[in-house]
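K.L.:
Below: one structure in structure tokens.
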Amino acid sequence: MESATVSRQHLHQLVEQLPATALADATQYLEDLTQRMTQFAQEVELLSIIQRRLPDSQQARWQKLREQFATETLDDRAYQEFLTYSDLLEAWNAERVGAIATLAQLRQVNFQSLYAMLTPPE
């Protein structure tokens with residue numbers, strides 16, 4: 001924390017030394033830097049939603065339940081577990097699509113292109 005304080009103090013000293021004509025440029029630079037850092041933090045949060053996956057053990061269980069569902073060999077307990085996973089993954093997918101839409105807006109890119117880039121082929 002000390003180095004951040006020293007850096008802020010140094011920055012303050014530098015700003016005090018600037019001529020008035022350069023203050024607008026310095027202010028604009030700092031505002032741009034702050035906005036880029038904010039956008040970066042937002043992108044990191046969105047990418048964590050977009051890339052969210054089940055842990056390997058749960059993914060294996062989900063795959064087994066899907067296979068049993070396809071062959072109609074689920075008992076009642078397994079069917080309830082299948083529905084629980086289905087509901088969770090459906091909710092995650094909706095959040096994922098929303099996060100991709102938000103990320104596309106932040107980056108000012110086409111949603112479909114970004115979706116295709118971030119979605120692995122099945």
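No value in this document is a laboratory result; all are computed from the given coordinates. Keep in mind it's a predicted model, so treat the numbers as computed, not measured. With ideal geometry, Cβ positions are generated from the backbone for all residues, glycine too; neighbour counts draw on all protein chains shown.
K.L.:
Along the charge dipole of the chain, pointing to its positive end and built from +1/-1 on Cβ of Lys, Arg, Asp and Glu, which listed residue (Gln108, Leu14, Ala60) has its Cα farthest out?
P.N.:
Comparing the listed Cα positions along the dipole, Leu14 ranks first.
K.L.:
From the helices alone, meaning DSSP H stretches of at least four residues, give me the mean residue ellipticity at 222 nm for the chain, per-run term -39500 (n - 2.57), in deg cm²/dmol to the nearest 500.
P.N.:
Rounded to the nearest 500, the figure is -29000 deg cm²/dmol.
K.L.:
Could I ask something else about it? HN-Hα J couplings of the range 44-53 from phi, Karplus 6.51/-1.76/1.60, θ = phi - 60°, integer Hz, Gly and Pro as x?
P.N.:
4, 5, 5, 5, 5, 6, 4, 9, 4, 9
K.L.:
If you stretched the chain out fully between Val15 and Met117, how much longer would it get, using 0.36 nm times the residue separation minus the C-alpha to C-alpha distance?
P.N.:
Extra length from Val15 to Met117 when fully extended: 32.4 nm.
K.L.:
Give the residue from Thr5, Ser48, Ala24 lying farthest towards the positive end of the charge dipole for the range 2-118; charges sit on Cβ (+1 for Lys and Arg, -1 for Asp and Glu) and the dipole is referred to the Cα centre.
P.N.:
The one lying farthest along the dipole's positive direction is Ser48.
K.L.:
Further question: Pull out the extension gain between Asp75 and Val109, defined as 0.36 nm times the separation in residues minus the alpha carbon to alpha carbon distance; nm, one decimal.
P.N.:
Here the segment from Asp75 to Val109 would lengthen by 7.6 nm.
K.L.:
Quick check: from the Cα gyration tensor, does the range 1-52 come out rounded (a/c under 1.5), prolate or oblate?
P.N.:
oblate
K.L.:
Quick one: Thr21, Thr84, fewest Cβ neighbours within 10 Å first, how do they rank?
P.N.:
Neighbour counts put them in this order, fewest first: Thr21, Thr84.
K.L.:
Next question. For the chain, give the magnitude of the charge dipole about the Cα centre (Cβ charges: +1 Lys/Arg, -1 Asp/Glu; no others), in debye to the nearest 20.
P.N.:
160
K.L.:
Which option, (1) 13.1, 39; (2) 24.1, 78; (3) 19.5, 62, is the value of Rg and Dmax of the Cα atoms in Å that was calculated from these coordinates?
P.N.:
Checked against the structure: label (2).
K.L.:
Related question: Once fully extended, how much extra length lies between Ala60 and Glu90, figured as 0.36 nm per residue of separation less the alpha-carbon to alpha-carbon distance?
P.N.:
Length gained, Ala60 through Glu90: 9.1 nm.
K.L.:
Would you mind classifying the range 47-108 by shape? Square roots of the alpha carbon gyration tensor eigenvalues, ordered a ≥ b ≥ c; an a/c under 1.5 is rounded, otherwise it is prolate if a/b is larger than b/c and oblate if not.
P.N.:
Verdict is prolate for the range 47-108.
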